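Student: There's a structure below that I have some questions on.
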Amino acid sequence: MSSASQPVECPLCFKNFSAVHVQSHVQTCQGTPNNNDTEMPPKRRKMIKVDSGTTKKNPSKSPWKGFKSIKKNTVQEPSQERECVVDVCTPFPLIPTERPPSLPLTESKPSAMEIFLAQSKPLAEVARPKSLEDYVGQTEVLGKETALNKLLNRNTIPSMIFWGPPGCGKTTLAHIIASRSKEKSETRFVKMSATSSGKADVQAMIKIASNEQRMFKRKTILFIDEIHRFNKLQQDTFLPHVENGTIVLLGATTENPSFALNSALLSRCRVIVLHKLEACHIRSLLELSITRYIPFCSTVHESSGNANGSLSDNGTDKLHVASSALDALSNYCDGDARIALNGLQVSIQSLITPDKKLCAPMLTADHVKSCLQRSHVLYDRTGDEHYAMMSALHKSVRGCDENAALYWLTRMMLGGEDPKVIARRLIRMASEDIGLADPNALNIAVSTYHGCQYVGMPECDVILAECVVYLSRAAKSVKVYKALDAAKSCIKNHEGPLPSVPLHLRNPSTKLMRNLDYGKGYRYDAAKGEQQYLPEEMAHINFFDL
């Protein structure tokens, strides 16, 4: 049998035709009329059974070249067995004849409360200011007449180190600077954290920044969060690239840059000091966040008529946030906006039941205090706050202000300071500031140290408090301390070789030393002023009169 007389199978309906007529049949089966046909035949449909959790292919045979295979059409549904209709003349996926029972016929729009509860990001990240107009506080840095504000308006971004406590706006300010720079010029912004990045990551980023500058004339702003976590060797990686302008470095740190950063890096960057936010600034952030991101909440005063809960127009619960609750958040967070915003989020979530109903119509100050438990105390046992508060305690004792001394002592103890560290400083205070005016002060300070060793915290807090109050009220004398400083200065600033010990003061422990007149002329029972004890050229010096 010749090849022309052999039957050929249609790839669409699977019927056999002669090679002469199969092309015309395929056009008809596909829906394309030929010269001999006057109307288009209806499309063929096949019913396919689809089992739950399985995939079955349309049982077709090998298609002709140039036509899409029905084998590519698969169905995989997790629901129960049901029928699907497929057009064998089209390459589109299978369409179920029935809507899966797991999907509702009409999907309702989620409420504002559901959107708030479904938010995975903390409120502090969601409500982060996006522009300088929304940025609150730090007017001494970003005021209209400040140098930094003028540089930002001219789109001149120098390399800077933002130094300040947590939650004062360091990261937010860096993002705002990058955003403004992108609007006015071609700028690439890269954010890295020193806690999760290493030297290799920085070098790879700098290589990309160099290519961007060379090929596209595009500037790269590199923001390093917690830059003090980089060691000295890692910080040296930035030096040549900051100096030649390959990158503009923006760093954020909570540690004193004088101790945490290389002096070479500091000389290439400008240090911007940010301070704790005031309570009024925190209050403004909280009110703005409620207005923009928590629409089912509103701020009211307890004395107003809205103190009782109400229903909004759409029938959902409306939560009122008392003004005293915002005041409590503003005062309890210790100038940390992140703690205040996240505390607000937790407080609101605590009033919503699992079925998305309010268990109380108003968020009050008591709710806030129960969620935050206690006021946040900013203290770092190894950081700048440790030295600042220790200095404040020492100066308060020296100034005989037992009230202030007790306050700073309590701040350190609540911040988790080691009591033995405080006791050692009290020993120094007793000898430096009280001295011979009350010799018993040193005994009390040493006993306090031993008491802290034996008892420990929290029981030794009273021991420290008693010692601090005693030292504050004791008479003060710094004559010994000043005389010691005068003696040090005399030795350091002496011109020429230091004088030798006079021979009569030397100990003649051997016969040779006695032959050299060691100890000759020394009087054991000499009264004051009858014998010279200083070198001859220093006989006129009195360190207690300097």
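The values are calculated or read from the model by the stated rules, or taken from the named source; none is laboratory data. Because the structure is a prediction, the values reported are computed rather than measured. Neighbour counts are summed over all protein chains in view; Cβ atoms, including those assigned to glycine, are modelled from backbone coordinates with ideal geometry. Only protein heavy atoms, including side chains, enter the accessible area calculation; ligands, DNA and RNA are left aside. Shrake-Rupley method; radii C 1.70, N 1.55, O 1.52, S 1.80 Å.
Student: So which of Lys182/Lys276; Lys488/Lys511; Lys144/Lys369; Lys121/Lys276 end up more than 30 Å apart, counting from Cα to Cα?
Tutor: Lys488/Lys511; Lys144/Lys369
Student: Ok, one more. So, in nm, how far is label Ala19 from label Val501 when the simple model puts each one 7 Å beyond its Cα toward the Cβ?
Tutor: Modelled inter-label distance: 12.4 nm.
Student: Arg514: net charge of surrounding residues, Cβ under 15 Å, Lys/Arg +1, Asp/Glu -1, itself excluded?
Tutor: Every neighbour counted, the sum reads +2.
Student: List the residues whose amide H sits under 5 Å from the amide H of Ser193, counting only those 5 or more places along or on another chain, with H placed 1.01 Å from N in the peptide plane.
Tutor: Hits under the 5 Å cutoff: Asp225.
Student: Could you tell me the accessible area of Cys359 in Å² (1.4 Å probe, neighbours in place), rounded to the nearest ten?
Tutor: 80 Å²
Student: Once you list every other residue whose beta carbon is under 13 Å from the beta carbon of Leu503, what net charge do they have if Lys and Arg are +1 and Asp and Glu are -1?
Tutor: Overall, the nearby charge balance is +1.
Student: Using a simple charge model, +1 on the beta-carbon of Lys and Arg, -1 on the beta-carbon of Asp and Glu, nothing else, what dipole does region 117-233 show about its Cα centre, in debye to the nearest 20?
Tutor: Here region 117-233 has a charge dipole of around 500 debye.
Student: Next up: Between rounded, prolate and oblate, where does region 414-525 land on the alpha carbon gyration tensor, with a ≥ b ≥ c its root eigenvalues, rounded for a/c under 1.5, else prolate if a/b exceeds b/c? Let's see the in-between values first.
Tutor: Numbers: a/c = 3.02, a/b = 2.51, b/c = 1.20.
Verdict is prolate for region 414-525.
Student: Quick one: 3J(HN,Hα) in Hz for region 321-327, Karplus 6.51/-1.76/1.60 with θ = phi - 60°, rounded, Gly and Pro as x.
Tutor: 9, 5, 4, 5, 5, 5, 5
Student: Along the Cα→Cβ direction, 7 angstrom out, place labels at Lys357 and Lys207. What is the inter-label distance in nm?
Tutor: Here the modelled spin labels are 6.1 nm apart.
Student: Among Thr195, Ile227, Ala209, flag the residue with its Cα farthest along the positive direction of the charge dipole of region 188-247, charges on Cβ as +1 for Lys/Arg and -1 for Asp/Glu.
Tutor: It is Ala209.
Student: While we're looking at this one, here's another question. Residue by residue through region 203-209, what is 3J(HN,Hα) from phi via Karplus (6.51 cos²θ - 1.76 cosθ + 1.60, θ = phi - 60°)? Round to whole Hz and write x for glycine and proline.
Tutor: Each residue of region 203-209 in turn: 5, 5, 5, 5, 4, 5, 4 Hz.
Student: Under a 5 Å amide H to amide H cut-off, with H placed in plane at 1.01 Å, what residues pair with Val321 once short-range neighbours are removed?
Tutor: Excluding prolines and chain starts, which carry no amide H, the hits are Ser298, Thr299, Val300, Leu363.
Student: Further, regarding this structure: Let's see if you can work this out: charge +1 on each Lys and Arg Cβ, -1 on each Asp and Glu Cβ, no other charges. What is the dipole magnitude of region 497-542 about its Cα centre, in debye to the nearest 20?
Tutor: On the way: 6 positive and 5 negative charges, 52 e Å.
So the magnitude is around 260 debye.
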